[in-house]
Amino acid sequence: MYHSGRDYKKVDELALRLRIDYCHFEKRLDVFKLAKQLNIVLIKYSSLTEEQLEVITSKEELKDGFTIFKKKNGKYEFYTFYNDQIGTARIRLTIAHEIKHVVCLEFNPNEKDEDLANHFARYILAPTCLVMPYINHFSFMEITDDFDISYEAACNAYKAAENRILSNKSDLNDYENEFIAEFISKH
């Protein structure tokens with residue numbers, strides 16, 4: 001699926017704006033706290049009854065997670081269900097992915113929405129502006145450990161930062177400068 005660079009840049013800005021607006025300046029983003037701040041109710045698959053799980057699996061393949069949007073008294077309520085048996089890094093990525101759907105009110109996400117939500121999840125968990133200093137100095141495993149992401153996500157984050165540096169676009173955007181200034185002041 002092809003997206004313009006502008007699509008990705010908008011998603012990157014959205015991710016950092018959320019981190020700035022909700023004061024998340026740590027490397028290891030607490031997605032559970034951010035979800036709570038966004039009034040997203042998180043529900044583990046393991047907390048569901050067998051009948052409830054059967055309803056989910058009868059409709060489609062059991063996914064890592066999904067969100068139900070419910071309108072009540074003119075306001076939306078968000079219920080994100082997630083597989084709590086898939087490992088911490090993948091759970092974090094799943095919740096970050098679902099956060100993008102909630103923030104953008106993507107009730108029935110299409111293929112483009114899904115692709116951008118995957119990008120959003122990787123970026124909010126390991127912002128390129130924080131990964132750039134790792135290029136040529138650290139291993140993928142250090143990125144994995146520092147950001148609490150999977151090896152695959154660390155490789156993707158590293159490649160995104162490396163590509164940005166190699167394309168001579170390593171100057172930070174305004175929202176990245178704002179985030180880095182806050183990040184530095186907190187550490």
Would you confirm whether any residue within region 70-80 is within 26 Å of Phe147 (Cα to Cα) and part of a helix (DSSP H, G or I)?
no
Read through the list (1) in contact (Cβ under 8 Å) with a residue 60 or more places away in the chain; (2) in contact with a strand residue (DSSP E or B) (Cβ under 9 Å, 6 or more places away or on another chain), then give the number of the only condition that Asp84 fails.
(1)
Those residues of region 82-116 which are under 19 Å from Gln37 (Cα atoms), open to solvent by 30 Å² or more (accessible area, probe 1.4 Å) and in a helix (DSSP H, G or I) amount to Leu93, Val103
Evaluate region 9-17: report whether one residue or more is touching a helix residue (DSSP H, G or I) at 6+ places or on another chain (Cβ under 7 Å), basic (Lys, Arg) and surrounded by 17 or more Cβ atoms within 10 Å (Cβ to Cβ).
no
For region 174-185, indicate whether the set of residues that are open to solvent by less than 50 Å² (accessible area, probe 1.4 Å) and in contact with a Ser or Thr (Cβ under 6 Å, 6 or more places away or on another chain) is non-empty.
no
If a residue has to be under 16 Å from Leu16 (Cβ atoms) and open to solvent by 10 Å² or more (accessible area, probe 1.4 Å) to count, how many in region 117-127 make the cut?
2
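Might you let me know whether region 47-59 holds any residue that is surrounded by 14 or more Cβ atoms within 10 Å (Cβ to Cβ) and either modelled with pLDDT of 90 or more or among the small types (Gly, Ala, Ser) (or both)? Show your work before the answer.
Filtering region 47-59 for residues surrounded by 14 or more Cβ atoms within 10 Å (Cβ to Cβ) gives 48, 53, 56.
Narrowing further to those that are either modelled with pLDDT of 90 or more or among the small types (Gly, Ala, Ser) (or both): 48.
Yes; the residues of region 47-59 include at least one that is surrounded by 14 or more Cβ atoms within 10 Å (Cβ to Cβ) and either modelled with pLDDT of 90 or more or among the small types (Gly, Ala, Ser) (or both).
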When you scan region 150-157, do you find a residue that is open to solvent by 50 Å² or more (accessible area, probe 1.4 Å), under 19 Å from Asp12 (Cβ atoms), free of Cβ contacts under 8 Å to residues at least 12 places away in the same chain and not charged (D, E, K, R), even just one?
no
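Just to be sure before I move on: is Asp30 among the acidic types (Asp, Glu), free of Cβ contacts under 8 Å to residues at least 40 places away in the same chain and under 20 Å from His119 (Cα atoms) in the structure I sent? First the steps, then the outcome.
Working: among the acidic types (Asp, Glu): yes; free of Cβ contacts under 8 Å to residues at least 40 places away in the same chain: yes; under 20 Å from His119 (Cα atoms): yes.
Yes, satisfied.
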Can you name the residue in region 70-106 that is in contact with a Phe, Trp or Tyr (Cβ under 9 Å, 6 or more places away or on another chain) and small (Gly, Ala, Ser) and, of all such residues, is nearest to Ile43 (Cα to Cα)?
Ala96
Of the conditions (1) assigned to a helix (DSSP H, G or I); (2) open to solvent by less than 60 Å² (accessible area, probe 1.4 Å); (3) among the hydroxyl-bearing types (Ser, Thr, Tyr), Ser170 clears all except one; give me its number.
(1)
Selection over region 129-149 where residues are surrounded by 14 or more Cβ atoms within 10 Å (Cβ to Cβ) and in a helix (DSSP H, G or I) yields a count of 11
So if I check each of Gly74, Gly65, which one is touching a Ser or Thr at 6+ places or on another chain (Cβ under 7 Å) and at pLDDT below 95?
Gly65
Failed criterion for Ala161 (all others in (1) modelled with pLDDT of 95 or more; (2) buried (at least 17 other Cβ atoms within 10 Å of the Cβ) hold):
(1)
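The values are calculated or read from the model by the stated rules, or taken from the named source; none is laboratory data. The model shown is predicted, which means the values in this text are computed figures rather than measured ones. Don't worry about glycine lacking a Cβ; one is built from the backbone with ideal geometry, like all the others, and counts go over all protein chains shown. Side chains are part of the model used for accessible areas, which takes the heavy atoms of the whole protein and leaves out ligands, DNA and RNA. Shrake-Rupley method; radii C 1.70, N 1.55, O 1.52, S 1.80 Å.
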